[in-house]
Structures are given as C-alpha cells and as structure tokens.
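Scroll down for the structure; my scribbles are underneath it.
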Amino acid sequence: MPGDPQDDCLFCKIVAGHIPATIVRETDTTVAFRDINPQAPTHVLVIPRVHYPDAASLAAAEPAVAADILRDAGGIAADEKLDSYRIVFNTGTGVGQTVFHAHAHLLGGRGMTWPPG
Ligand code: 5GP
Ligand code: ZN
C-alpha cells in the first residue's frame, strides 16, 4: 500500500525505532531528528511517519502530512531561535537525494548564499 513502511528504508527504520537518532520533535504524523552529517549548526531532518519516496509524492497523496512537516520545521526553527533558515527537499539523485523517504532539511545558524550549489 502507498505510505506503508519499506523494509529497506533507513528512515522507516528510524520511525520504527530500529535505528537510533537524536530526535528533537515527534508528532502523530512526523518525526524530526538531527542529521548525522550536519551541514549547518542546526541541521534537522523532518520526515513523515508514512513512506513516500519524495516530498511531492507525499503532498499528492497526503497533503495534510506534508503541511505538518512545514509546521514542524517552523516550530523547530523557533525553538532553536533561528530568525533565518532554509527548508530543502532534495528530489532526485541529480540534486543529491540519497534517502528515498520524503524529508525536509531544516538548515540554519550560519549565513548561506543564493543560488544554492
Ligand atoms: P538527502 O541527501 O536524501 O536529501 O538527505 C539524506 C540525509 O540523511 C543526509 O543529509 C544524511 O546525512 C542523512 N543521514 C543518512 N543516514 C543517516 C542516519 O543514519 N541518521 C541520521 N540522523 N541522518 C542520516
Ligand atoms: Zn521509508
């Protein structure tokens, strides 16, 4: 079924508690945890409990959960006292997506250039 856990998915294993993570926020629909290889002083991944390969497919199937991810990213940014931050959804190998379970990167705590690399 769309949205069901995938045996070979790292982030489904984190949702299930089978792989440890430094969790900063949990809701009925989402889990947020610190990236293992942080690219900024704050680098948190916000993921849905349900499995979809990328953010757009999540939003098409379960738009309320996609909105929850944005709500949580904003809440964590406020908790971390970030007045500027970036939310990134890498989609596809060509732009660096490596985990095919939808996730937002919340990045902040340092200056960033635009356009991104
Ligand atoms: P992507 O490249 O798919 O947009 O982002 C995947 C992110 O997951 C990367 O930033 C990577 O550092 C992070 N990551 C990969 N494996 C683990 C892990 O086992 N634990 C945590 N906390 N983050 C991970
Ligand atoms: Zn998954």
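Only the coordinates and a few stated rules stand behind these numbers; no lab work does. Only a predicted model underlies this, so the values are computations on that prediction, with no experimental measurement involved. No Cβ is skipped: glycine too gets one built from the backbone with ideal geometry, and neighbour counts run over all protein chains shown.
Summary of computed values
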read-out	value
Value of relative contact order over segment 3-117, rounded to a whole percent, pairs C-alpha under 8 Å and six or more apart	29 percent
√(5λ) per eigenvalue of the Cα gyration tensor, segment 37-103, largest first, Å	21, 16, 9
Net dipole in debye of the chain [+1 Lys, Arg Cβ; -1 Asp, Glu Cβ; about Cα centre; nearest 20]	360 debye
Radius of gyration and maximum dimension Dmax of the chain, Cα, Å	13.6, 41
Pair A60, E80: separation of 7 Å Cα→Cβ label points (nm)	3.0 nm
Charge dipole (the chain, unit charges on Cβ, about Cα centre) - positive-most of N90, G117, V24	G117
Computed label-point distance, nm, for sites R110 and L10 using a 7 Å Cα→Cβ extension	2.0 nm
